[in-house]
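Notes for the one structure printed next.
The values are calculated or read from the model by the stated rules, or taken from the named source; none is laboratory data. Bear in mind that the values here come from a model prediction, so they are computed numbers and not experimental data. Every residue, glycine as well, gets a Cβ built from its backbone with ideal geometry; the counts of neighbours run over all protein chains shown.
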């Protein structure tokens, strides 16, 4: 199956071989800056994805298929189960496929823009076992809605919320702007590093919670928080890193451009009774430049940018702010190497590098770096 979908690029290797391959990749790209610690792998590198999404479509013969888009194409590879995905999530998606056939609910056609079901997204809290099912539809008109819901919940009583998300645009984005809960509260909760997090359909939450705990543990160790520091969490999302840091810092500032994520972050701070963390809906680079202009001081900056890394403007704003330590969490060693070069040029030294295997069987590798002001 992995040859068809293209998702597991390294499945032809044993797991120890994969770890060696990733270690060598990080050393090649980042070893010039500092010693690279041994990569941290998983004890059980399977079924680690707590978020599973399946595209729905039909073949030329009219058969309903659900699964992932084949790499570099828009062809859906029919997936019944996956070695990376949560087992319960896979079963729920297969049940949805059976029920849409049973209730004669049409699958969305991207060419004609007719039909109903486009995608199914399932999120599960590994610590709480709460499950969210998001039905992404091309239209808000849900034929046989009550019967469908009743049947789905009878098959899977473990589901805690079901959401209808409407995406009627011609786009490659999975989720649309409009959504409403059909069952439950419209969100789930999970526990990570001793903190409770509320997760909505659109919020970003780390896909592999087992390895995320290890990743964040290293990040906190690198930050060296003793209770007197002011910390800034750039790209803060729903507040995961910032809330973990708030236990050992004086103050934490979280900055995030996504409005939905900031809303969740504020709720998460209340859930965890964290009174020393403040969230701002803003561009992190602009925010740091304003802090620098106001001569405000920050001891530690956490940054966890997207795969494309950070742009020069953002990195310039960090160097203008001049924190004592930068903890850079990266999901792409290539862009990390590029960004470290600029930070080093502007007065920082890379002190520690630790790779973590967040996505076994794929090319991706996560890396935590500690940079200190010279």
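Details
- Condition met for residue 28 (loosely packed, with under 15 Cβ neighbours inside 10 Å, part of a loop (DSSP other than H, G, I, E, B) and either modelled with pLDDT of 90 or more or under 23 Å from the mean Cα position of the chain (by Cα) (or both)): no
- Selection from the range 146-171 of residues that are without any contact (Cβ under 8 Å) to a residue 12 or more places away in the chain, assigned to a helix (DSSP H, G or I) and under 16 Å from residue 116 (Cβ atoms): 146
- Check on residue 310, more than 23 Å from residue 206 (Cα to Cα) and modelled with pLDDT under 95: no
- Per this entry, residue 225 is counted among residues that are in contact (Cβ under 8 Å) with a residue 60 or more places away in the chain, part of a loop (DSSP other than H, G, I, E, B) and more than 26 Å from residue 48 (Cα to Cα).
- Among the candidates 297, 273, the residue that is outside any strand (DSSP E or B), in the same structural domain as residue 240 (by TED's automatic domain parsing) and at positive phi is uniquely 273.
- Residues in the range 295-348 that are closer than 17 Å to residue 367 by Cα and without any contact (Cβ under 8 Å) to a residue 40 or more places away in the chain: 307, 308, 309, 310, 330, 331, 332, 335, 338, 339, 341, 343.
- Filter result for residue 268 (in contact with a strand residue (DSSP E or B) (Cβ under 7 Å, 6 or more places away or on another chain), in contact (Cβ under 8 Å) with a residue 12 or more places away in the chain and surrounded by fewer than 18 Cβ atoms within 10 Å (Cβ to Cβ)): no
- Number of residues in the range 97-107 that are more than 18 Å from residue 140 (Cβ to Cβ) and assigned to a helix (DSSP H, G or I): the value is 5.
- Single residue of the range 108-145 satisfying the filter (at pLDDT below 95 and in a strand (DSSP E or B)) that is farthest from residue 60 (Cα to Cα): 114
- Scanning the range 91-120 for residues being surrounded by 19 or more Cβ atoms within 10 Å (Cβ to Cβ) and closer than 17 Å to residue 47 by Cβ gives a total of 2.
- Residues in the range 46-65 that are under 18 Å from the mean Cα position of the chain (by Cα) and in contact (Cβ under 8 Å) with a residue 60 or more places away in the chain: 46, 48, 49, 50, 51, 52, 53, 54.
- When each of 54, 89 is tested for being modelled with pLDDT of 90 or more, in contact with a strand residue (DSSP E or B) (Cβ under 9 Å, 6 or more places away or on another chain) and in a strand (DSSP E or B), the lone residue that passes is 54.
- Residue check, residue 81 outside any helix (DSSP H, G or I), surrounded by fewer than 17 Cβ atoms within 10 Å (Cβ to Cβ) and in contact with a helix residue (DSSP H, G or I) (Cβ under 9 Å, 6 or more places away or on another chain): yes
- Hey, residue 249 under 21 Å from residue 196 (Cα atoms), outside any helix (DSSP H, G or I) and more than 24 Å from the chain's Cα centre (by Cα) or not: yes
- Filter result for residue 175 (in the same structural domain as residue 106 (by TED's automatic domain parsing) and at pLDDT below 95): yes
- Residues of the range 350-374 that turn out to be surrounded by fewer than 23 Cβ atoms within 10 Å (Cβ to Cβ), in contact with a strand residue (DSSP E or B) (Cβ under 9 Å, 6 or more places away or on another chain) and without any contact (Cβ under 8 Å) to a residue 60 or more places away in the chain, as a count: 3
- Candidate set from the range 291-307 (those that are farther than 20 Å from residue 229 by Cβ and out of contact with any strand residue (DSSP E or B) (no Cβ under 8 Å at 6 or more places or on another chain)); member that is modelled with the highest pLDDT: 293
- Some residue of the range 180-199 being outside any strand (DSSP E or B), touching a residue at least 24 places away in the same chain (Cβ under 8 Å) and closer than 22 Å to residue 68 by Cβ: no
- The single condition among (1) in contact with a strand residue (DSSP E or B) (Cβ under 8 Å, 6 or more places away or on another chain); (2) within 24 Å of residue 120 (Cβ to Cβ) that residue 252 does not satisfy is (2).
- Complete set of residues in the range 147-172 that are at pLDDT below 95 and surrounded by 13 or more Cβ atoms within 10 Å (Cβ to Cβ): 167, 168
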